[in-house]
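Below is one structure; the comments refer to it alone.
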């Protein structure tokens, strides 16, 4: 039975899955959900959140690209939760110069039973769109040409998906691992990127290496009220980029799912240490947005530190 909710709230859950991305969007009135990415560590997290919310129907699962910290658990959780459709691209697997075998095995799994008969297969490219109750969503990337460029350059981030969603006039932008070149294309094409909530692309990575737009230009285009970085405590690439964190925190409320050594130098052990943990938002029918989930804990932790990076003055 659908959950009766007079406000018709839409909930956006930016899940703490360690080093990886997973976003769960739930429309409470229609009791339906949309999942964007899920690493292997996120399977249990997604299922627990769905259970807490009354097991809404998962109408679709979207894979932004074939990095294991985005796709590693998506197939398992999509099947287990009865996802009705799986949105993905095959092209970016070819952008891997080595270690394609595990991804081809995942493709083979998708093409065979029970995926073949239980789930509709759809592309995850620019222009693909859908409706989740009161939440309308659209993929702004990758373009067909971007997928070609990803293969030519053996650079899968060129083919990463970017999703824009909106409910009651409030927008959410989920950046996948799209780098500066992807964002520059959208800016050049006149795409309206403004959004109240921005899930920062590529776990807070620097954009300087991509010869595309900069963090400052992207933030000017989006003008978010909230910026969320999904990151693992001891991640090997060293995310997030300190300069990006300082730029993002000037005009937006910045939240990270986990603590990193950039944020706080002395971190014991190697396991994930929550900062905000799962960070959530409620988008209400009156056009308001409420920060929920781990935001209070996030602020208590960060405010208790001596000199947290996200509370530092902006770079000169």
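The values are calculated or read from the model by the stated rules, or taken from the named source; none is laboratory data. Quick caveat, the model's predicted, so the values are computed rather than measured. Positions of Cβ are generated from backbone atoms using ideal geometry, with glycine treated the same way; all protein chains shown enter the neighbour counts.
Restricting to the stretch 194-218, count the residues that are outside any loop (DSSP other than H, G, I, E, B) and touching a helix residue (DSSP H, G or I) at 6+ places or on another chain (Cβ under 6 Å). Break it down stepwise before answering.
Of all residues in the stretch 194-218, those outside any loop (DSSP other than H, G, I, E, B) come to 197-199, 201-204, 208-210, 215-218.
Subset that is touching a helix residue (DSSP H, G or I) at 6+ places or on another chain (Cβ under 6 Å): 198, 204, 210, 215-216, 218.
Total meeting the criteria: 6.
Condition first: buried (at least 20 other Cβ atoms within 10 Å of the Cβ), in contact with a strand residue (DSSP E or B) (Cβ under 9 Å, 6 or more places away or on another chain) and closer than 18 Å to residue 160 by Cα. Can you find one or more residues in the stretch 77-85 that meet it? No, the stretch 77-85 contains no residue that is buried (at least 20 other Cβ atoms within 10 Å of the Cβ), in contact with a strand residue (DSSP E or B) (Cβ under 9 Å, 6 or more places away or on another chain) and closer than 18 Å to residue 160 by Cα.
Kindly provide the set of residues from the stretch 269-287 that are in contact (Cβ under 8 Å) with a residue 60 or more places away in the chain and assigned to a loop (DSSP other than H, G, I, E, B), ordered by number. Give the derivation first.
Let us first name the residues in the stretch 269-287 that are in contact (Cβ under 8 Å) with a residue 60 or more places away in the chain, namely 272, 274, 276-287.
Passing the criteria: 272, 276, 277, 278, 284, 285, 286, 287.
Taken together, 243, 220 contain a single residue that is touching a residue at least 60 places away in the same chain (Cβ under 8 Å) and surrounded by fewer than 18 Cβ atoms within 10 Å (Cβ to Cβ), which is 243. When the stretch 82-95 is limited to residues that are in contact with a helix residue (DSSP H, G or I) (Cβ under 7 Å, 6 or more places away or on another chain) and without any contact (Cβ under 8 Å) to a residue 40 or more places away in the chain, the one that is farthest from residue 148 (Cα to Cα) turns out to be 86.
For the stretch 86-124, filtering for residues that are touching a strand residue (DSSP E or B) at 6+ places or on another chain (Cβ under 6 Å) and assigned to a helix (DSSP H, G or I) leaves 0. Evaluating residue 235 against the criteria (1) surrounded by fewer than 24 Cβ atoms within 10 Å (Cβ to Cβ); (2) touching a residue at least 60 places away in the same chain (Cβ under 8 Å); (3) in a helix (DSSP H, G or I) leaves one unmet condition, (3). The set of residues in the stretch 39-82 that are in a loop (DSSP other than H, G, I, E, B) and within 19 Å of residue 27 (Cβ to Cβ) comprises 53, 54, 55, 56, 81, 82.
Do you know which of the residues in the stretch 125-140 that are part of a strand (DSSP E or B) and without any contact (Cβ under 8 Å) to a residue 40 or more places away in the chain is surrounded by the fewest Cβ atoms within 10 Å (Cβ to Cβ)?
Filtering the stretch 125-140 down to residues part of a strand (DSSP E or B) leaves 129-132, 135-140.
Add one more test, that the residue is without any contact (Cβ under 8 Å) to a residue 40 or more places away in the chain, and what stays is 129, 131, 136, 138.
On the way: 129: 11, 131: 13, 136: 14, 138: 14.
Once the filter is applied, the top-ranked residue is 129.
Contact annotation: residue pairs with Cβ atoms under 7 Å, 6 or more positions apart or on different chains, pairing a residue in the stretch 31-50 that is at positive phi and surrounded by fewer than 19 Cβ atoms within 10 Å (Cβ to Cβ) with a partner that is assigned to a strand (DSSP E or B) and modelled with pLDDT of 95 or more, are 31/57.
Residues that are assigned to a helix (DSSP H, G or I), at negative phi and either touching a residue at least 40 places away in the same chain (Cβ under 8 Å) or over 22 Å from the mean Cα position of the chain (by Cα) (or both): does the stretch 289-296 have at least one? Yes - at least one qualifying residue is present in the stretch 289-296.
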